[in-house]
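Okay, so here's the structure we're looking at.
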Amino acid sequence: MVKRVLWVALSGLICSVSVSPGADDNLCYNGGFNSTNGPLDGWNVNYEWMNNSNYMQNHEHVQVLPSFKGKKNVMWMNPPVQGRVESKLIPIEPGCRYKCTMDLYCDGGVRFYFNCYKWEPGIAPHADPKLSEMRRVYKGEAFDAGGGGKWETISFYLPKAEISELAYDHYKFVRFATVYMTRYRGGFYVTNVRVVKVPGTYKVVKEKPAPKATAARPATAGKASVKKPAVAAKPVKDDDGGGEE
């Protein structure tokens, strides 16, 4: 454990001194949706390769508007049921922390986070990775938008300042990450997506021990103890079926 924390700390030190905020420090390719190769150049919007019925027409519900409510080059997603968009894969360095910011306009119901990947078994690493060559192993801190009907700047991190040993056992395999956006039944507008390294590193911490079970109180004298029937919890459908940080 000591060696693990020391390795993370040293890696983070290297990353922290390499951080130099400036005009060209954005790690999110085409975060302004203004590439000369097309406004959605680099963004993953077509998921037909997944053969998932939820996303077969995903790309038909994503477009970039020249302007919206005072902002230029605004990506708009408006799925009839469920939709998703991901940035181009971003290489992740061991020990480093990352921050994503973006301008968002929505009425609630959206979720954003870093989706984290490693190479799919059998794929030889190369310089131009595709999502279809990746296997998801981790997802970062989630931002759930509450709406408001106006432009706001939001942010979230990868990873958190402190992550558990269990989380780190997954995160240590991460080689790439995307900025991931998803929503059920409803639209949202996004522009100025930025991903930068932040100074410092993260800390791996031990999980807190589970609380000890307490003995059940005896039934009241003279009354029979009636055990209520178990009720199954209502299932909740996850947006992409993955684990969380």
Could you say whether any residue in the stretch 71-90 is touching a Cys at 6+ places or on another chain (Cβ under 7 Å) and of a type in the set (S, T, Y)? yes
Look at Y113 and say whether it is modelled with pLDDT of 95 or more, buried (at least 17 other Cβ atoms within 10 Å of the Cβ) and in contact with a Leu (Cβ under 7 Å, 6 or more places away or on another chain). no
Residue count for the stretch 86-115, restricted to those that are in contact with a helix residue (DSSP H, G or I) (Cβ under 8 Å, 6 or more places away or on another chain) and part of a strand (DSSP E or B): 2
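Out of the residues in the stretch 147-189 meeting the condition of being part of a loop (DSSP other than H, G, I, E, B) and under 17 Å from the mean Cα position of the chain (by Cα), tell me which one is farthest from G42 (Cα to Cα).
In this case the residue turns out to be A161.
Determine whether E120 is surrounded by fewer than 17 Cβ atoms within 10 Å (Cβ to Cβ) and of a type outside the set (F, W, Y).
Answer is yes for this residue.
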Would a scan of the stretch 50-67 turn up a residue that is outside any strand (DSSP E or B), of a type in the set (D, E, K, R) and at pLDDT 95 or above? no
Condition first: touching a residue at least 60 places away in the same chain (Cβ under 8 Å) and either loosely packed, with under 15 Cβ neighbours inside 10 Å or in contact with a Lys or Arg (Cβ under 7 Å, 6 or more places away or on another chain) (or both). Now tell me which residues in the stretch 59-76 satisfy that. K69, G70, K72
Given the criteria within 20 Å of F112 (Cβ to Cβ) and either part of a strand (DSSP E or B) or without any contact (Cβ under 8 Å) to a residue 12 or more places away in the chain (or both), does V196 qualify? yes
Please verify whether the stretch 18-30 includes one or more residues that are hydrophobic (A, V, I, L, M, F, W, C) and modelled with pLDDT under 85. yes
Sole residue being at pLDDT below 95, of a type in the set (S, T, Y) and surrounded by 18 or more Cβ atoms within 10 Å (Cβ to Cβ), chosen from T182, T191, T178: T182
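Okay, residues lined up against (1) among the polar types (S, T, N, Q); (2) touching a residue at least 24 places away in the same chain (Cβ under 8 Å):
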| position | (1), (2) |
| --- | --- |
| N34 | yes, yes |
| G38 | no, no |
| N44 | yes, yes |
| E48 | no, no |
| N51 | yes, no |
| Q57 | yes, no |
| V81 | no, yes |
When K118 is run through (1) in a strand (DSSP E or B); (2) out of contact with any strand residue (DSSP E or B) (no Cβ under 7 Å at 6 or more places or on another chain), the failure sits at (2)
Does P80 satisfy the condition of being part of a loop (DSSP other than H, G, I, E, B) and more than 20 Å from Y184 (Cβ to Cβ)? no
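The values are calculated or read from the model by the stated rules, or taken from the named source; none is laboratory data. Please read all numbers here as calculations on a predicted model, not as lab measurements. We place every Cβ from the backbone using ideal geometry, glycine too, and count neighbours over all the protein chains shown.
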